[in-house]
Amino acid sequence: MTFNAANVTNKRVAVVAAGVISPLGLGLAETLESLRTARDCVGPVTRFDVQACRCQTAAQVRDEGLQPITNGSRARRLHPASNMMIRALHEALDENQNFHPDLAVIGTTSGGMSFGEQYYRALSTRAPLQRAPRWIANYSPQKPAVDALEAFGLECPCQIIANACASGTNAIGHAFHCIRSGKYRRVLAGGYDALCELVFVGFDSLQAATPDKCRPFDADRTGMVLGEGAAVLALEEWNSAQDRGANILAEITGYGISTDNHHLTQPNPSGIGPRDAMEQALRTAGIDESMVDYINAHGTATKFNDSAEAKAIRELFPSGPPVSSTKSMMGHSLGAAGAIEAVVCLLAIQHSFLPPNINFTRAGEDVDLDIVANQPRSSAVRTAVSNSFGFGGTNASIVLQTARS
Amino acid sequence: MNVCIAGVGWVTPLGSTIEEVWNQLLAGNIPPIAEVSDPLGNKSYPAYQVPPSALRNLPPHPRLRRASAISRFAAAAGLAALTDANLTNEHLQSKQLALVFAVANGGVIYTKRFYRDIVDSGAGSASPLLFPETVFNAAASHVAAIIGLNGTCYTVVGDGSVGLTGIQMAEDVMSDPSVDYCLVIAAEEADWLLCDAYQKWRLLRRQPPIEVFASPAGGTILSEGAGAVLLARTGPVQVAATSAGAYFARREKAGTVLARVLEKVGTSENAMVIGSANGTFVDAAESSAMDKVAPSGVLYAIKGSLGEGVAAGALWQVIAGVRALTTAQMPQPQYPKRAAADRSLAKKLTDRGELTVLSCGLNQHAGAVRLRRA
């Protein structure tokens, strides 16, 4: 048997709907407002005890966003990550009820981990275990995605990508690839993650999290701040979207993925991983680097990440497009980050502005970039690149462009 | 699009070489039972564990020094699949290789140890060495580093059917004509914490053997290990059809959903099916799906011998399917009972040159793959 390359297509991929929950706000309108006002959403952690941690802050979704949107005992049993996913999907499908996906590709790193923590703590302290069945049934990483699909009666299969902090961008990129190749017509893509103690303490133990403000690309950057949230993009093959009169918000035109084997948790300082991912994304999109108007950087504010990413951007984009890391405002929501940041790019394209990189004083010596410092800029954004990189050396970039008929 | 299986590898409680495990399955052997102890509740649970000898061929690598059991299982199975396909490192340097790693419970041993320190002694005692190994894609990262992969690498999570989701995803990845190979690995490790959870879920039995298709269902025994399947453009067995799967909101609906995925991959009414029956509600769901879609077919259930290997289990089924198609042999069928009496059945069925692998996870997902001798 031989592979038949003639069957491969290059379908165009439209974004026809989006929904988002993040520390920036519940929904697209609040998110846009927060981006335009450069709101710093980082504050003290209230979900669990962090007294023994070096870092004691995070960007939390306000409590309403973690609550179920429907009543009933089943809804009350769900994990907060499920509730965020349901809310994001609700916003995306609210005005697109004819969007029936063939597939969902969703990213996460820890799913309902806090339920796993409660289960272990209860066992460890010999506390009552009446709620154990709820914790066990709802802690698994795929459950929030399943809950969200079920809440809207969607029976499509689901691929849950757990590529650490790149998961959300990988999910959108793989969904893009699935439509582009002609295998699927409509795919839901996105990501979710809720703050949990295990992951928070983990980053604190690595000293990757900062007790200071999150200052991506700044000379005085000292690390990341965790966040949480969920976002969903409804992707559809271009002609299908046009034929049914869907409102096309933007087009995804490129995707790149690379693996850097330098170290489990640190990027190769040469920036080769991010560079390969961005280069591949531009190549898929069939565009020149000079066409890029904005880069939403991974920008965690750790020394190593920002240095490698800045080097890769500088080498690949000699024209020096504006760059910002919106994690400075909303923290790093891990598996949700790429999906939320794709929505940020979508808003930038739709509303012609560049989201800011706050808490920025002066660029690090290793950062030769045009940083959108502290305040948003008015600017037409026809082409945006969104980057996500993660543990395991995983790197992903996507290209979003204005919808061209 | 044609995607074929060019090589396979597994690490199981019955051993790790293809022939060794296959012969034990044909003989109906089961692994020795281990008791895994719960230090918190002074309880113990039965489990099938990978014997140390199963990893004897795993070459040393800096990435594996501190790696968890799940990473070692994954690396051993992945390398075995590349060897089975006669692929050398030199050959792979000139080819585009992708990796899809499928997992359900993940590196639970290190995750539990990391969190135990937090619970027992506070956040200040959390180990920065352990934390990176708790991340779901740690095993995939180690395998990528060992084989020198620098392109597409996905970790996909789900329940026991996620191995088949991995095959589907790999097929999606290979719709890019520049990808020559995709290595799909699924791995899992057994631990008392998982056993305790499955016990509370009323899915675990206290002692072997697992009695598949018994009524009422008597429960399963967790096992561990890894399976690996190398997908290529050519190979002895073709992936004729895949179902990306479907979810069932309630266990009672599992049979209906399984019937749907069997139909979706074009299962014939007299098909040979390698199912995931494991002594739980899955058995009744699979037999009901068979009665609907393949009433003259025969259902094999290798989890009776290998235990519930969760993510790894679905790829073990695929590997058993590949072996059946390439050797015209199968262990004794378990459903329907009348089939067990027909000693020549395996040859008759495998002579047809195709079979379906069906997987029902315990957490709401089902998938299927139809394999055909190329």
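The values are calculated or read from the model by the stated rules, or taken from the named source; none is laboratory data. Predicted model only: the values in this text are computed from it and were never measured. Glycine gets a Cβ as well: all are built from the backbone with ideal geometry, and neighbour counts include every protein chain shown.
Counting just the residues of region A:303-327 that are surrounded by fewer than 19 Cβ atoms within 10 Å (Cβ to Cβ) and basic (Lys, Arg), which one comes out nearest to A:Met278 (Cα to Cα)? The qualifying residue nearest to A:Met278 (Cα to Cα) is A:Arg314. Summed over region B:1-32, the residues that are outside any helix (DSSP H, G or I) and more than 19 Å from B:Val239 (Cα to Cα) give a count of 13.
For (1) at pLDDT 95 or above; (2) touching a Ser or Thr at 6+ places or on another chain (Cβ under 7 Å); (3) of a type in the set (Val, Ile, Thr); (4) under 22 Å from B:Arg116 (Cβ atoms), each residue gets a yes or a no:
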residue	(1), (2), (3), (4)
A:Leu123	no, no, no, yes
A:Ala132	no, no, no, yes
A:Ile136	no, no, yes, yes
A:Tyr139	no, no, no, yes
A:Pro144	yes, yes, no, no
A:Ala151	no, no, no, no
A:Cys156	no, no, no, no
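Could you list, in sequence order, the residues of region B:1-29 that are within 14 Å of another protein chain (Cβ to nearest Cβ) and at pLDDT below 95?
Residues of region B:1-29 within 14 Å of another protein chain (Cβ to nearest Cβ): B:1-6.
B:Met1, B:Asn2 - these are the residues of region B:1-29 that are within 14 Å of another protein chain (Cβ to nearest Cβ) and at pLDDT below 95.
Could you say whether any residue in region B:214-223 is part of a strand (DSSP E or B), crowded, with 23+ Cβ neighbours inside 10 Å, on the phi < 0 side of the Ramachandran plot and hydrophobic (A, V, I, L, M, F, W, C)? Taking every residue of region B:214-223 in turn, at least one turns out to be part of a strand (DSSP E or B), crowded, with 23+ Cβ neighbours inside 10 Å, on the phi < 0 side of the Ramachandran plot and hydrophobic (A, V, I, L, M, F, W, C).
Can you go through A:Val367, A:Val385, A:Val344, A:Val323 and tell me which one is away from chain B (no Cβ under 14 Å), in a helix (DSSP H, G or I) and either touching a residue at least 24 places away in the same chain (Cβ under 8 Å) or touching an Asp or Glu at 6+ places or on another chain (Cβ under 7 Å) (or both)?
Details: A:Val367 fails: in a helix (DSSP H, G or I); A:Val385 fails: in a helix (DSSP H, G or I); A:Val323 fails: in a helix (DSSP H, G or I).
Exactly one residue qualifies, and that residue is A:Val344.
Taken together, the residues in region B:89-121 that are part of a helix (DSSP H, G or I) and at the interface with another protein chain (Cβ under 8 Å from one of its Cβ atoms) amount to 8. When the criteria are applied in full, A:Gly335 meets the requirement of being surrounded by 24 or more Cβ atoms within 10 Å (Cβ to Cβ) and on the phi < 0 side of the Ramachandran plot.
Only one of the numbered conditions (1) at pLDDT 95 or above; (2) in contact with a helix residue (DSSP H, G or I) (Cβ under 9 Å, 6 or more places away or on another chain); (3) more than 28 Å from B:Ile146 (Cβ to Cβ); (4) not in a helix (DSSP H, G or I) is violated by A:Asp204, and that is (4).
Consider region B:88-106. How many of its residues are among the polar types (S, T, N, Q) and within 14 Å of A:Thr109 (Cα to Cα)?
Taking region B:88-106 and keeping what is among the polar types (S, T, N, Q), we get B:88-89, B:93-94, B:96, B:105.
Next cut, within 14 Å of A:Thr109 (Cα to Cα) only: B:105.
The total comes to 1.
Being within 7 Å of another protein chain (Cβ to nearest Cβ), aromatic (Phe, Trp, Tyr) and farther than 19 Å from A:Ala396 by Cα is true of B:Phe131. The listed residues are A:Ser82, A:Ser167, and the only one of them that is among the hydroxyl-bearing types (Ser, Thr, Tyr), more than 9 Å from every other protein chain (Cβ to nearest Cβ) and surrounded by 24 or more Cβ atoms within 10 Å (Cβ to Cβ) turns out to be A:Ser82. Residue count for region B:326-374 under the criterion of being in contact with a helix residue (DSSP H, G or I) (Cβ under 7 Å, 6 or more places away or on another chain) and exposed (fewer than 14 other Cβ atoms within 10 Å of the Cβ): the result is 0.
Hey, could you check region B:258-283 for residues that are surrounded by fewer than 24 Cβ atoms within 10 Å (Cβ to Cβ) and under 20 Å from the mean Cα position of the chain (by Cα) and say which is farthest from B:Leu14 (Cα to Cα)? Break it down into steps so the answer makes sense when it comes.
Applying the first criterion (surrounded by fewer than 24 Cβ atoms within 10 Å (Cβ to Cβ)) to region B:258-283 yields B:259-260, B:263-266, B:268-271, B:281.
Next, only the ones that are under 20 Å from the mean Cα position of the chain (by Cα) stay: B:265, B:281.
Values: B:Val265: 30, B:Phe281: 25 Å.
Of everything passing the filter in region B:258-283, B:Val265 is farthest from B:Leu14 (Cα to Cα).
Pick out the one residue from A:Val8, A:Val45 that is surrounded by 15 or more Cβ atoms within 10 Å (Cβ to Cβ), at pLDDT 95 or above, more than 18 Å from the chain's Cα centre (by Cα) and over 24 Å from A:Ile349 (Cβ atoms).
Working: A:Val8 fails: at pLDDT 95 or above.
The conditions single out A:Val45.
Checked against (1) crowded, with 22+ Cβ neighbours inside 10 Å; (2) out of contact with any Leu (no Cβ under 6 Å at 6 or more places or on another chain); (3) more than 7 Å from chain A (Cβ to nearest Cβ), B:Asp172 passes all but condition (3).
Is it the case that some residue within region A:99-111 is in a helix (DSSP H, G or I) and either surrounded by fewer than 23 Cβ atoms within 10 Å (Cβ to Cβ) or on the phi > 0 side of the Ramachandran plot (or both)?
The answer is no; no qualifying residue exists.
Considering only residues of region A:144-157 that are within 7 Å of chain B (Cβ to nearest Cβ) and not β-branched (Val, Ile, Thr), which is nearest to the chain's Cα centre (by Cα)? The selected residue is A:Leu149. Looking at region B:169-194, which of its residues are among the small types (Gly, Ala, Ser) and either within 18 Å of B:Ala102 (Cβ to Cβ) or modelled with pLDDT of 95 or more (or both)? Within region B:169-194, B:Ala170, B:Ala186, B:Ala187, B:Ala190 qualify.
B:Ala75 - would you say it is crowded, with 16+ Cβ neighbours inside 10 Å, in contact with an Asp or Glu (Cβ under 6 Å, 6 or more places away or on another chain) and within 23 Å of B:Leu130 (Cα to Cα)? In short, no. All of (1) within 29 Å of A:Ser205 (Cα to Cα); (2) more than 14 Å from chain B (Cβ to nearest Cβ); (3) surrounded by fewer than 20 Cβ atoms within 10 Å (Cβ to Cβ) hold for A:Gln67 with one exception: (1). Reported count of residues in region B:134-161, each being facing chain A (nearest Cβ under 8 Å) and either acidic (Asp, Glu) or in a helix (DSSP H, G or I) (or both), is 8.
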